[in-house]
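Step one of this worksheet: look at the structure below.
Taken together, the values in this text are just the output of simple stated rules run on the coordinates, not laboratory data. It should be emphasised that the depicted structure is a prediction, and the values quoted were computed from it without experimental measurement. Note that each Cβ is placed from the backbone with ideal geometry, even for glycine, and that neighbours are counted across all protein chains shown.
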């Protein structure tokens, strides 16, 4: 942290020096990143849900996905997850200025747990931009919350070809770690392009953090708060996909599929292949608190 | 209860008025005053002790079996640097003492640990043994803010251990830097060695989800006479560690802020000692003791009912118990029952499995010297049962009391409880008149109580067994 602060203050000094130089007319340069830089600026807000109106999530932005995945043809939602998603207020409610997605341990429709999963499909979809949410996460073995994006053509172009951008995933038994990933043809599930971000002196379950991606035509940057921890480009993905011999028969392996509108998903899964089931120490209910979701575009 | 609420409403405005006056009188410290602060040195042992007493290691009393010889440093083993602490755990039969343990103390007036959230260290064992206790806060003087973790599993490679500080704001001047106690319970009596290195207080920031408990996290009830005292027990603090695992420590009462719901019945001091002050007012003779730790409400409570009774207690956490021979007589060959007294989350109970019949004996079996009890002047038996399985109406528990047990003059009486009076997995209290034990014609030397279920109830817990009479 100290080192980073030092770099920051050095940058400020540099800027101050440059500004001083400009004022004396020696060098003409700006401190602002211009459009030739790889960091895109997304300043125009295109969607925001501050979760200020008590009740169910705003139905003009969100719909629920209900069940255990069987109706969608993917029992256990493709990962052997244990929860049954409902639209009951017990599992998803807006109150106290935030959205609460609550995972409960209860027998319901043949499942041992209930939770909720809301999606913005057909209600808010966007290509490129900054997608961010301020979230306090649940905790405990078996909890698997996520804030993620899915390509809006999965019906015609089945996953993973339609693309997935996981802005934030987290496992409740690693309360200091989140990870950001992209999935697509030849790089998905266990072979997704993914990176962990670990807090050094804090946890994700006892305070809010901002999770964001900045997605431009040839780059997806992943942020926790103001820290950039991963930058994915078509080259990154091509390299990753080329490493897998399983991809030799795929003609689209490593294709960059992040060039169409995506929609937002927020959910708390319980159990499943990645986290494993809850154990005796897992405390229920568990809640993911979402203070806001905001999306920006470039213009 | 309503009546009491009204009383509080009257009292609170008065308190408010007093507070205002007192605030008005309050004066700040003069700028000339230096408030005493103590060094906040984090390190306890790196390659050498840091700021500890010249003794470094102060052993527990050899008179209680502590072996003062197995402690030293080792220049051939270190997690970091050159040197670690080496502890040779003796065998139980070692003539110099059957276990090893003691404390490290700050050499000064104590340290300010308010800026840290954990004691951390690295340890490794010569074998995968389990260390009995590790902690801090014991200084052999007051042990006011002692914290300990039990059953620390060693690995044969270095591993980091974290002991959370329940409420660091209390530790403004702490002398007790480290404590350990180790025996060979986990190695069947075989001696072993373990090493400790890099002992220090740290501000990790990665401990979360604080969960303090009193009374083992349960809502417990008990009766107590006016002017007697009952300790709050089962004090633990659980935090979730950076690897997602819970870490539970034992904490002394001074970390907690206790509160009574009814000052007319009971008060509680900072050491968690509940004193029954009176019979209550307005017919309310109960007080519930709750606690917070660092502002977090503790799970569990103790509700005390103020009574005026004469008691002879066989098994209870509230009254002083008479000595007994056993809580399971193991009558062979016909008895199948297993179990006996256990600690269930800080609450001492008796727990039986495979029950057909079982005896609690207090007559002096095998010339133990235990005396039977004279309950001639007492009127009732209090007892609590929890059936740890499904209860059927046809189930039963026959309780028999035996006077002059094993003597030619033995007499006994039986009282029967049916399944309809019991609940599955819930405690049920019984106050049984001793006159209901038909056949118990004398009770000046009651020395055995027998519980017979004939297997109708195989899993049974029992608590709070005492004879009493209302005064």
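Need one value for A:167-179: mean number of C-beta atoms belonging to other chains within 10 Å of its residues' C-beta atoms. It would help to have the intermediate numbers written out before the result.
Numbers: counts 0, 0, 0, 0, 1, 2, 4, 3, 9, 8, 2, 0, 0.
Going residue by residue through A:167-179 and averaging, the value is 2.
Using only Cα atoms, locate the centre of region A:275-292 and the centre of region A:96-121, then give the distance between them in Å, rounded to an integer.
11
Using the basic label-point model (7 angstrom from Cα toward the beta carbon), what is the residue B:91 to residue B:426 distance in nanometres?
Roughly 5.4 nm, to one decimal.
Normalising by the residue count of chain B, find the relative contact order in percent from Cα pairs under 8 Å and 6+ residues apart. Display every interim value, and only then the final one.
Working: 1229 pairs, mean separation 54.7, N = 471.
Worked out over chain B, it gives 12 percent.
What FRET efficiency do you get for residue A:251 and residue A:229 if R0 is 30 Å and r is their Cβ-Cβ distance, rounded to the nearest 0.05?
Numbers: r = 32 Å, r/R0 = 1.08.
Result of the calculation: an efficiency of 0.40.
Take residue B:229, project a point 7 Å from its Cα along the Cβ direction, then tell me which residues of region B:264-287 have their backbone nitrogen under 12 Å from it.
So the set is B:267-276.
Based on the mean of other Cβ atoms within 10 Å per residue, sort peptides B:319-331, B:216-228 so the most packed one is first.
Values: B:319-331: 16.5, B:216-228: 18.1.
Going by the mean number of other Cβ atoms within 10 Å, highest first, we get B:216-228, B:319-331.
What span do the alpha-carbon atoms of region B:323-371 cover on each of the three principal axes, reported in whole Å from largest to smallest?
Result for region B:323-371: principal-axis Cα extents of 33, 28, 10 Å.
Using only the Cα atoms of region B:311-470, build the gyration tensor, take square roots of its eigenvalues as a ≥ b ≥ c, and label the shape rounded, prolate or oblate: rounded if a/c is under 1.5, else prolate if a/b is larger than b/c, else oblate. Display every interim value, and only then the final one.
Values: a/c = 1.36, a/b = 1.33, b/c = 1.03.
The shape class here is rounded.
With everything on Cα atoms, drop me the angle between helix B:2-25 and the longest principal axis of chain B, reported from 0 to 90° to the nearest 10.
Helix B:2-25 sits at roughly 20 degrees to that axis.
Pop out the Kirkwood hydrodynamic radius of region B:254-362 from its pairwise C-alpha distances, inverse of mean 1/r, in Å to one decimal.
Values: mean 1/r = 0.0600 Å⁻¹.
After inverting the mean inverse Cα-Cα distance, the result is 16.7 Å.
Any chance you could run the full-extension gain for residue B:82 through residue B:454? It's 0.36 nm times the residue separation minus the Cα-Cα distance, nm to one decimal. Please list the in-between numbers first.
Numbers: separation 372, 0.36 × 372 = 133.92 nm, distance 6.50 nm.
Length difference between fully extended and current span is 127.4 nm.
What FRET efficiency do you get for residue B:150 and residue A:96 if R0 is 51 Å and r is their Cβ-Cβ distance, rounded to the nearest 0.05? The partial results should precede the final answer.
Details: r = 39 Å, r/R0 = 0.77.
Plugging the Cβ-Cβ distance into 1/(1 + (r/R0)^6) gives 0.85.
Would you compute, from DSSP H runs of 4+ residues alone, the mean residue ellipticity of chain B at 222 nm, taking -39500 (n - 2.57) per run and dividing by the full residue count, rounded to the nearest 500?
Rounded to the nearest 500, it is -2000 deg cm²/dmol.
As a footprinting exposure proxy, order B:155, B:409 by other Cβ within 10 Å, with the fewest listed first.
Working: B:155 11, B:409 8.
Lowest to highest Cβ neighbour count: B:409, B:155.
In 10 Å bins starting at 0, how do the alpha-carbon pair distances of region B:208-307 split up by percent?
Result returned by the calculation: 17, 46, 25, 9, 3, 0.
Mind ordering B:53-65, A:205-217 by average Cβ neighbours within 10 Å, highest first? Before the final figure, lay out the partial values.
Details: B:53-65: 14.3, A:205-217: 19.5.
Ranked by mean Cβ neighbours within 10 Å, highest first: A:205-217, B:53-65.
Beyond 24 Å, what percent of the Cα pairs of region B:97-218 remain?
On the way: 2323 of 7381 pairs.
Tail of P(r) above 24 Å: 31 percent of Cα pairs.
In nm, give the distance between the simple-model label positions of residue A:274 and residue B:269, each being 7 Å from the Cα along the Cα-to-Cβ direction.
5.5
Convex hull volume of the Cα atoms in region B:155-272, per residue, in Å³?
Numbers: hull volume 22.5 nm³, N = 118.
Taking only Cα atoms, region B:155-272 has a hull volume of 190 Å³ per residue.
If r is the Cβ-Cβ distance from residue B:47 to residue B:109 and R0 is 35 Å, what FRET efficiency results, to the nearest 0.05?
Values: r = 25 Å, r/R0 = 0.72.
Here the calculated transfer efficiency is 0.90.
Within 10 Å of each Cβ in A:197-205, how many Cβ atoms from other chains are there, averaged over the peptide?
Values: counts 0, 2, 3, 4, 7, 4, 10, 1, 4.
Average per residue, whole number: 4.
Can you give the helix-only mean residue ellipticity at 222 nm for chain A, where every DSSP H stretch with n ≥ 4 adds -39500 (n - 2.57) and the sum goes over all residues, rounded to the nearest 500 deg cm²/dmol?
On the way: 2 runs with 31 residues, N = 299.
Here the helix-only value at 222 nm equals -3500 deg cm²/dmol.
Under a point spin-label approximation (7 Å from Cα along Cα-to-Cβ), what is the residue B:331-residue A:53 distance to one decimal in nm?
7.4
For residue B:185, project a label point 7 Å along Cα to C-beta. Then give me every residue of region B:92-118 with its amide nitrogen under 13 Å of that point.
B:99-100
So what are the three principal axis dimensions of the protein assembly as shown from its Cα atoms, in whole Å, longest to shortest?
110, 67, 67
In whole angstrom, note down how far apart the Cα centers of region B:87-114 and region B:348-424 are.
If you average the Cα positions of each part, the centres end up 43 Å apart.
Just counting partner chain Cβ atoms within 10 Å, what average do the residues of peptide B:237-243 show around their Cβ? Please report the intermediate quantities before stating the final value.
Details: counts 0, 1, 0, 10, 3, 9, 4.
Whole-number average of other-chain Cβ neighbours for B:237-243 is 4.
First check a/c for region A:40-297, with a ≥ b ≥ c the square roots of the eigenvalues of its C-alpha gyration tensor; if it is under 1.5, answer rounded, and if not, answer prolate when a/b is larger than b/c or oblate otherwise. Intermediate values should be presented prior to the final figure.
Working: a/c = 1.43, a/b = 1.26, b/c = 1.14.
Judged from the Cα gyration tensor, region A:40-297 comes out rounded (a/c under 1.5).
By per-residue mean of other Cβ atoms within 10 Å, what is the highest-first order of A:140-153, B:131-144?
Working: A:140-153: 23.1, B:131-144: 20.0.
Going by the mean number of other Cβ atoms within 10 Å, highest first, we get A:140-153, B:131-144.
Can you give the three extents of the C-alpha atoms in chain B along their principal axes, from longest to shortest, in whole Å?
Rounded to whole Å, the extents work out to 75, 67, 39 Å.
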